[in-house]
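**Student:** Just dropping this structure here.
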Amino acid sequence: MERIDKILSNLGYGSRKEIKAIIKKGLVEIDGKIIKDNTIKINPKECIIKVNDELVEYKKYIYIMMNKPAGVVSATYDKYDETVIDLLDIKYQIFNPFPVGRLDKDTVGLLLITNDGELNHKLISPKWNVNKVYYAEINKPVTSLDIKSFEKGVILDDGYKCLPAKLSIISVDENGSRVEVTIQEGKFHQVKRMFESLDKKVVYLKRIKFGNLELDKNLEEGSYRELTQREIEILNMDPHN
Ligand code: URA
């Protein structure tokens, strides 16, 4: 049970004060009855709420897939840079969403944004070891030896031994290589540092898959959409069961 003014305010219908005024004007209806008291408590999942004769679509959580562009940071607030949250419409920002994990400022591709703390916790927990798949362009030819090093677990500059990772070569020429990398961890600059320890440089990085969720090919960089119900279910499934 929650106060009606809080519910409507969280859904973006205005400040608590504004909601109080709307209610006083008789514009809010619950289960067919106009209410005049802004403090009443209801279960928003079980009541039919109307504002100005329009049905209120109640939801507690939002789930967004973004094709993150380069140049924005994966944070809710930043002193200097534009954030992925700044790119969202205000109707999503009012849910106070945050990115699930991080992509570097220059990395593009699949980023999940939600206000569901429990799902976030599961997806970034080492217990779930969610697979993350990246398409990467590398400045030098990648070899079968590199594939073996990834399989064994690359040792990073700080001595950390990564979990086994999958590296597949898409194409190689004198200018470098295009590869696909699957990792389960999410250490700071992980993919870039894995290649650095093999004396190679990542020149372009795009995340194309997160768990069982693939980046929607219709999403241009900088655009986003809400997840479908099915996609939310897929994300909530333990990937190892
Ligand atoms: N690995 C990186 O180096 N950068 C990212 O943004 C994601 C994975």
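**Student:** Given the options 91, 59, name the one that is over 17 Å from the mean Cα position of the chain (by Cα) and within 18 Å of residue 14 (Cα to Cα).
**Tutor:** On the way: 91 fails: over 17 Å from the mean Cα position of the chain (by Cα).
Going through 91, 59 in turn, the sole match is 59.
**Student:** Go through (1) modelled with pLDDT under 95; (2) within 12 Å of the ligand (Cβ to nearest atom); (3) in contact with a helix residue (DSSP H, G or I) (Cβ under 7 Å, 6 or more places away or on another chain) and name the single condition residue 188 misses.
**Tutor:** Every listed condition holds for residue 188 apart from (3).
**Student:** Mind listing whichever residues of the stretch 150-198 are out of contact with any Phe, Trp or Tyr (no Cβ under 7 Å at 6 or more places or on another chain), small (Gly, Ala, Ser) and under 24 Å from residue 211 (Cβ atoms)?
**Tutor:** Those that are out of contact with any Phe, Trp or Tyr (no Cβ under 7 Å at 6 or more places or on another chain), small (Gly, Ala, Ser) and under 24 Å from residue 211 (Cβ atoms): 153, 168, 186.
**Student:** Of the residues that sit in the stretch 88-125 and are hydrophobic (A, V, I, L, M, F, W, C), over 24 Å from residue 190 (Cβ atoms) and open to solvent by less than 50 Å² (accessible area, probe 1.4 Å), which one is modelled with the lowest pLDDT?
**Tutor:** 95
**Student:** I'm trying to understand the selection: among the residues of the stretch 159-181, which are at pLDDT below 95 and open to solvent by 100 Å² or more (accessible area, probe 1.4 Å)?
**Tutor:** Going residue by residue through the stretch 159-181, those that are at pLDDT below 95 are 173-175.
Within the stretch 159-181, 174, 175 qualify.
**Student:** Open to solvent by less than 50 Å² (accessible area, probe 1.4 Å) and without any contact (Cβ under 8 Å) to a residue 12 or more places away in the chain, is that true of residue 153?
**Tutor:** So residue 153 fails the test.
**Student:** Still on this model: For the list (1) closer than 18 Å to residue 131 by Cα; (2) more than 16 Å from the ligand (Cβ to nearest atom); (3) not in a strand (DSSP E or B), I need the number of the one condition that residue 148 fails.
**Tutor:** Only one criterion in (1) closer than 18 Å to residue 131 by Cα; (2) more than 16 Å from the ligand (Cβ to nearest atom); (3) not in a strand (DSSP E or B) is unmet by residue 148, namely (1).
**Student:** To continue, here is another question. Quick one: residue 138 ticks every box in (1) assigned by TED's automatic domain parsing to the domain that holds residue 68; (2) among the β-branched types (Val, Ile, Thr); (3) more than 30 Å from residue 63 (Cβ to Cβ) except a single one, so which number is it?
**Tutor:** Just one mismatch for residue 138, condition (1).
**Student:** Looking at the stretch 1-43, which of its residues are part of a loop (DSSP other than H, G, I, E, B), within 29 Å of the chain's Cα centre (by Cα) and not hydrophobic (A, V, I, L, M, F, W, C)?
**Tutor:** Quick first cut of the stretch 1-43, residues part of a loop (DSSP other than H, G, I, E, B) only: 1, 11-15, 25-27, 31-32, 35-40, 43.
Imposing the further condition that a residue be within 29 Å of the chain's Cα centre (by Cα) reduces the set to 1, 11-15, 43.
Selection gives 12, 13, 14, 15, 43.
**Student:** Here's a follow-up. In the set 137, 46, 118, which member is in a loop (DSSP other than H, G, I, E, B) and either touching a Gly at 6+ places or on another chain (Cβ under 8 Å) or more than 13 Å from the ligand (Cβ to nearest atom) (or both)? Please lay out each step first, then the result.
**Tutor:** Working: 137 fails: in a loop (DSSP other than H, G, I, E, B); 118 fails: in a loop (DSSP other than H, G, I, E, B).
Selected residue: 46, the only one of 137, 46, 118 that is in a loop (DSSP other than H, G, I, E, B) and either touching a Gly at 6+ places or on another chain (Cβ under 8 Å) or more than 13 Å from the ligand (Cβ to nearest atom) (or both).
**Student:** Kindly establish whether residue 59 is assigned to a loop (DSSP other than H, G, I, E, B), closer than 16 Å to residue 231 by Cβ and away from the ligand (no atom under 15 Å from the Cβ).
**Tutor:** Details: assigned to a loop (DSSP other than H, G, I, E, B): yes; closer than 16 Å to residue 231 by Cβ: yes; away from the ligand (no atom under 15 Å from the Cβ): yes.
Judged against the criteria, residue 59 is a match.
**Student:** Kindly indicate whether any position in the stretch 67-81 is out of contact with any Gly (no Cβ under 7 Å at 6 or more places or on another chain), over 23 Å from residue 230 (Cα atoms) and not in a loop (DSSP other than H, G, I, E, B).
**Tutor:** Within the stretch 67-81, the first condition is being out of contact with any Gly (no Cβ under 7 Å at 6 or more places or on another chain), and the residues that meet it are 70-81.
From what's left, over 23 Å from residue 230 (Cα atoms): 70-81.
Those left that are additionally not in a loop (DSSP other than H, G, I, E, B): 73.
Scanning the stretch 67-81 turns up at least one residue that is out of contact with any Gly (no Cβ under 7 Å at 6 or more places or on another chain), over 23 Å from residue 230 (Cα atoms) and not in a loop (DSSP other than H, G, I, E, B).
**Student:** Contact list please: Cβ distance under 7 Å, first residue in the stretch 174-203 and more than 17 Å from residue 149 (Cα to Cα), second residue at pLDDT below 95 and more than 9 Å from the ligand (Cβ to nearest atom), pairs at least six apart or on different chains.
**Tutor:** 186/124
**Student:** Which pairs do you get when a residue that is of a type in the set (Lys, Arg), found in the stretch 19-47, comes within reach of a residue that is open to solvent by 60 Å² or more (accessible area, probe 1.4 Å), reach meaning Cβ atoms under 6 angstrom, with the pair 6+ apart or on two chains?
**Tutor:** Cβ pairs passing all conditions: 41/1; 41/3.
The values are calculated or read from the model by the stated rules, or taken from the named source; none is laboratory data. Please read all numbers here as calculations on a predicted model, not as lab measurements. Methodologically, a virtual Cβ is constructed for each residue, glycine included, from the backbone with ideal geometry; neighbour enumeration extends over all protein chains shown. Ligands, DNA and RNA are stripped out before the accessible areas are found, and what is left, the full protein with its side chains, is counted by its heavy atoms. Shrake-Rupley method; radii C 1.70, N 1.55, O 1.52, S 1.80 Å.
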